[in-house]
């Protein structure tokens, strides 16, 4: 009976029942959808967490295009400074594996990749040595300068189209020239001979004819004798030997312990040093590199998918000795998964990784997997462990394994804790890009869920108040009839729960039905959003694709529906007590509330009534200001926070200078590249690009500082290697284009009257026209402070160096260059680079905005270039290219423009094979975070607006509704509707304004208000008054007879 | 011409379930200087009849004429403000206004400044037999009889010739009932008011100049 009556009572109150049913139903549907979407996004992110692998590479900023074999003292110093404990303590870092590469020798393994120090060395027996061939060379001279005994090979006459010079002097057209052959009979060039036996040669060169070059050994063979000797195989096409189709072998000291040569008298008589040298070369040249890590799947080669397993599995992290091996190693040694193989550890000389010697230690490797065949990775092992036997070579200092979700933050933090001149690159397999839309949607869904939950809480509170709390009259009747308390509760709760329960269950069901479609929308939405990070540094490396999970979980539906039902039940029970309290008088005491004050004659009309009501309202008059005060405080505080976020975002857009640069296709290298000048011009035209800075690097050395390498071919090669490993002469149009200033702003002391502008403006004539060579005088340059100190150069002083360039064919040539120090910079790292104007490489107008390619790209009818300056304007390749984004607002436009022009992204080749990366990581992080906060703030503002309106309405409604009798009386006494309306409206406005003013006043101590905060408070007042107006209007429309029938 | 005249007045309350006809054709007239008692059982329609005379609504059919003018043809707000004064069983005083302010309220509605109507309020309060000290008191501080006197003072302050009283003594004891009736009777007989009292108190009926008995929505 009680349940039936409870339900029937509410069914008969159709209006309010329908209103609250609809409200709870809609809120449950939206909550269910939001919770479902949030859950879907969270599970998608979790799936990505499981399937992606993020690592960071810590590298030293060393050579232009760093070799992993380089022995760089500065890199080692940085490695020594690297605090892996600090790295490991950064949030998001799982493990940090320091550089660990060891070299091993495995008996029976022949290294196919012959790039070791001993790759071209040989310990061989030379027999059948023939007559000597002497050195000869050719020279072109004027016919008129010929001497009588010279052997002329050919004659030519200079054509008018030619430009020809002898000894730096131009030869006029019509001059007859002669080519003369000279022979030096005092110097043997080579002997024709034969290798009859090889103790060691890397490619098994034996039983073959060779040109034997004595070099500077002083070797003079005795006829008919054979010799065992050490030396170098120079190749068939070496410029140091004859080109007669045979291999060239130069006698040279390649192993200190053994003599250059000795007479050969049978295999048993060969001296031990030769045999030792051959044995050392054999072991060292068939080296196997073992790369160690705690979890070898984090090594870039596997993380980036360059290599993958063909057989077996990766060893588990911490499986000491567990390894995977290269396919060639497995093949040559007959290794299978599960085998154990022992290698002999070799020690590398600190100056050369390939200068190897036995370390006297063997190590066992447990083969867990075998990788696919790859010519780039021969003779390799990747093992779990710590390595040893070698110092740092190359520039990779450590590999850091990261938790995907904290990877970006961890990298930012790491940048702050690492030594100078090191960089951290994140390779997250596209995790950030993939999860970004899921994060955004999850965040929005959370906001919606929060707003709806708050709305539901408010609605359910109101619902419980209306359906239970205000039922004191019914409760009073039931009590008077002796109804047990439990039965009263059953009556009221059954009616209320019938409404909220049915609405919540139906809402949940509707959400259940809608969710799969919503998931599909989310999945398609994330595909669309994933293009947002094009060209960003946050998306380096390969991109792993994960199919979004579209599975349906009923959990959110159940949770939301259950939460609504449970919460409404709790509130109903709370209000049940209230209803009982209202229906039960206090025993023995009745308290009568009497207003304070005396008869007043102040004011007139509506204002008078409002004034008197406010003044005498007692607690009732305090409710509204208190509520308004609290809400104003909330609005101002939240508005302040929101304004702060918005200001930060605006400032970030206004003040952040975003740069970009050209990189290698894997995104790791940013200088030492070959960047076509035409691509630079295209870049300059891309929308959103500000300044473009480029540089061109060549080497230099100080004459007299070169090492003594001897005049042999081997010595020349070593000298050239030394020249090409020196510091750079960098011609650039801005110091920011230089690698040294990639991460640090340049700090330069300038000679009076000079500034950085000269790099882009100063015109060097000699590089535009070779005939002007040497006529420029000293070129203004920025030198390193350390270099100037070491060489006694002061600002304004001049200094001569030799500039060295290597041609595409590998030929190295030098030419002198005099520079004038107009600025000095603090050197970072080991290279004392010299910075000179860009016009040392390209003419001033080559990068002008109005550059006309047709002027320098003239071709004949066959398509051959006939423009003299074609190579100065069109065939220029820069070593580095950086640029600024005109403003952060233009970032998206720039991304689109770069894509439209076809520039490559890291890992994705475009039409233009110049890969561009935008240095927007920090900016993206900041703006995304602020964006999330702001969108949350917007949702909060919407929520507050809704809550304010609701509260305003409820409070106004309660305040006005509770005084219906006064209202009726006023109308009964004939008061005009306007007067009645204003009597209540002014009262509410005064109370609301007082509360808001107090809130503003109290919070004004925290600082000045923003316009937004004041506007928000204004909106609140308006919303509150709107509630007041609506409730007054509703009562005003009620028939007077009904009003008079209202009980207090 | 009668002060009030009801001609075949009918009134219907519409509910969700059915229509209730409260008045089924009431015809009667009221003159100035007399006290009328409208008597009947609960639900007989007497309060509805008074409400229509008070201008709270218009009859469903028939007419209510005040000094010969139908309430359907005039501004009801103005009518309530200037032509009739109503006294309710539950007094209906503004709880946040003092006795004086309650009495002053209808005067203020007619545009009189508060300062000017204050002495008149004091005079009216004295006239209904309340002490001067009651002027600054709030309704909650007064007894039922005192509150009803204030309600009568407020009605007097409206300066109309008609006073409609809906069970003015319903909540009062015998002594107070007598006192209130005396005041109303004096107003009719000495000041020429037309006083209409809705009541089911036979004593009042016996003392009234004329009694209308209403049964099932009709004057019987």
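Worth pointing out:
- Of all residues in the stretch A:359-379 being part of a strand (DSSP E or B) and in contact with a helix residue (DSSP H, G or I) (Cβ under 7 Å, 6 or more places away or on another chain), the one that is nearest to residue A:417 (Cα to Cα): A:371
- Against the test of being surrounded by fewer than 20 Cβ atoms within 10 Å (Cβ to Cβ) and assigned to a helix (DSSP H, G or I), the options A:496, A:510, A:504 yield a single qualifying residue, A:510.
- Qualifying residue in the stretch A:142-149 (condition: assigned to a strand (DSSP E or B) and either closer than 30 Å to residue A:270 by Cα or free of Cβ contacts under 8 Å to residues at least 60 places away in the same chain (or both)): yes
- Scanning the stretch B:113-129 for residues that are more than 10 Å from every other protein chain (Cβ to nearest Cβ) and either surrounded by fewer than 20 Cβ atoms within 10 Å (Cβ to Cβ) or in contact with a strand residue (DSSP E or B) (Cβ under 6 Å, 6 or more places away or on another chain) (or both) turns up B:119, B:120, B:123, B:126, B:127, B:129.
- Selection count, the stretch A:974-1031, where residues are more than 14 Å from every other protein chain (Cβ to nearest Cβ), in a loop (DSSP other than H, G, I, E, B) and buried (at least 16 other Cβ atoms within 10 Å of the Cβ): 2
- Taking (1) within 9 Å of another protein chain (Cβ to nearest Cβ); (2) outside any loop (DSSP other than H, G, I, E, B); (3) modelled with pLDDT under 80 in turn, residue A:581 satisfies each apart from (1).
- Some residue of the stretch B:91-98 being more than 8 Å from every other protein chain (Cβ to nearest Cβ) and touching a strand residue (DSSP E or B) at 6+ places or on another chain (Cβ under 9 Å): no
- Only one of the listed residues (A:489, A:407) is touching a strand residue (DSSP E or B) at 6+ places or on another chain (Cβ under 9 Å) and either assigned to a helix (DSSP H, G or I) or within 30 Å of residue A:359 (Cα to Cα) (or both). That residue is A:407.
One line per residue, one yes/no per condition, for (1) part of a helix (DSSP H, G or I); (2) assigned by TED's automatic domain parsing to the domain that holds residue A:537; (3) within 16 Å of the chain's Cα centre (by Cα); (4) surrounded by 16 or more Cβ atoms within 10 Å (Cβ to Cβ):
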residue: A:891; (1), (2), (3), (4): yes, no, yes, yes
residue: A:895; (1), (2), (3), (4): yes, no, yes, yes
residue: A:898; (1), (2), (3), (4): yes, no, no, yes
residue: A:913; (1), (2), (3), (4): no, no, no, no
residue: A:927; (1), (2), (3), (4): yes, no, yes, yes
residue: A:933; (1), (2), (3), (4): yes, no, no, yes
residue: A:942; (1), (2), (3), (4): yes, no, no, no
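- Picking from residues in the stretch A:241-254 that are in contact (Cβ under 8 Å) with a residue 40 or more places away in the chain and surrounded by 19 or more Cβ atoms within 10 Å (Cβ to Cβ), the one that is farthest from residue A:194 (Cα to Cα) is A:254.
- The sole residue among A:341, A:324 that is surrounded by 18 or more Cβ atoms within 10 Å (Cβ to Cβ) and either closer than 29 Å to residue A:200 by Cβ or modelled with pLDDT under 85 (or both) is A:341.
- Members of the stretch A:410-434 that are surrounded by fewer than 21 Cβ atoms within 10 Å (Cβ to Cβ), part of a helix (DSSP H, G or I) and in contact (Cβ under 8 Å) with a residue 60 or more places away in the chain: A:412, A:413, A:417, A:433
- Test: residue in the stretch B:31-44 that is touching a residue at least 12 places away in the same chain (Cβ under 8 Å), crowded, with 18+ Cβ neighbours inside 10 Å and closer than 28 Å to residue B:118 by Cβ: no
- Checking each residue of the stretch A:606-621 against the condition of being at pLDDT below 90, in contact with a helix residue (DSSP H, G or I) (Cβ under 9 Å, 6 or more places away or on another chain) and assigned to a loop (DSSP other than H, G, I, E, B) gives at least one match.
- When the stretch A:209-230 is limited to residues that are in a strand (DSSP E or B) and more than 12 Å from residue A:248 (Cβ to Cβ), the one that is modelled with the lowest pLDDT turns out to be A:230.
- Some residue of the stretch B:46-60 being surrounded by fewer than 17 Cβ atoms within 10 Å (Cβ to Cβ) and away from chain A (no Cβ under 13 Å): no
- Scan of the stretch B:64-78 for residues that are surrounded by fewer than 17 Cβ atoms within 10 Å (Cβ to Cβ) and within 9 Å of chain A (Cβ to nearest Cβ), ordered by number: B:78
- Residues that are over 18 Å from residue A:187 (Cβ atoms), assigned to a loop (DSSP other than H, G, I, E, B) and in contact (Cβ under 8 Å) with a residue 40 or more places away in the chain within the stretch A:231-240 comprise just one, A:235.
- Criterion: at positive phi and at pLDDT below 90 - qualifying residue of B:62, B:129, B:144: B:129
- Breaking point among (1) modelled with pLDDT under 85; (2) part of a loop (DSSP other than H, G, I, E, B), for residue A:438: (2)
- Check on residue A:603, at pLDDT 80 or above, within 14 Å of chain B (Cβ to nearest Cβ), within 28 Å of residue A:1022 (Cα to Cα) and not in a helix (DSSP H, G or I): yes
- Verdict on residue A:947 being at pLDDT below 80, buried (at least 16 other Cβ atoms within 10 Å of the Cβ) and either within 14 Å of chain B (Cβ to nearest Cβ) or closer than 30 Å to residue A:1041 by Cβ (or both): no
- Test: residue A:636 is more than 14 Å from every other protein chain (Cβ to nearest Cβ), buried (at least 16 other Cβ atoms within 10 Å of the Cβ), over 30 Å from residue A:970 (Cβ atoms) and in contact with a strand residue (DSSP E or B) (Cβ under 6 Å, 6 or more places away or on another chain): no
- Residue match in the stretch B:189-202 (condition: at pLDDT below 90, within 14 Å of chain A (Cβ to nearest Cβ), buried (at least 17 other Cβ atoms within 10 Å of the Cβ) and within 11 Å of the chain's Cα centre (by Cα)): no
- Subset tally (residues that are outside any helix (DSSP H, G or I), over 16 Å from the mean Cα position of the chain (by Cα) and within 30 Å of residue B:176 (Cα to Cα)) for the stretch B:56-99: 5
The values are calculated or read from the model by the stated rules, or taken from the named source; none is laboratory data. Just so it is clear, the model here is predicted, and its values are computed rather than measured. We place every Cβ from the backbone using ideal geometry, glycine too, and count neighbours over all the protein chains shown.
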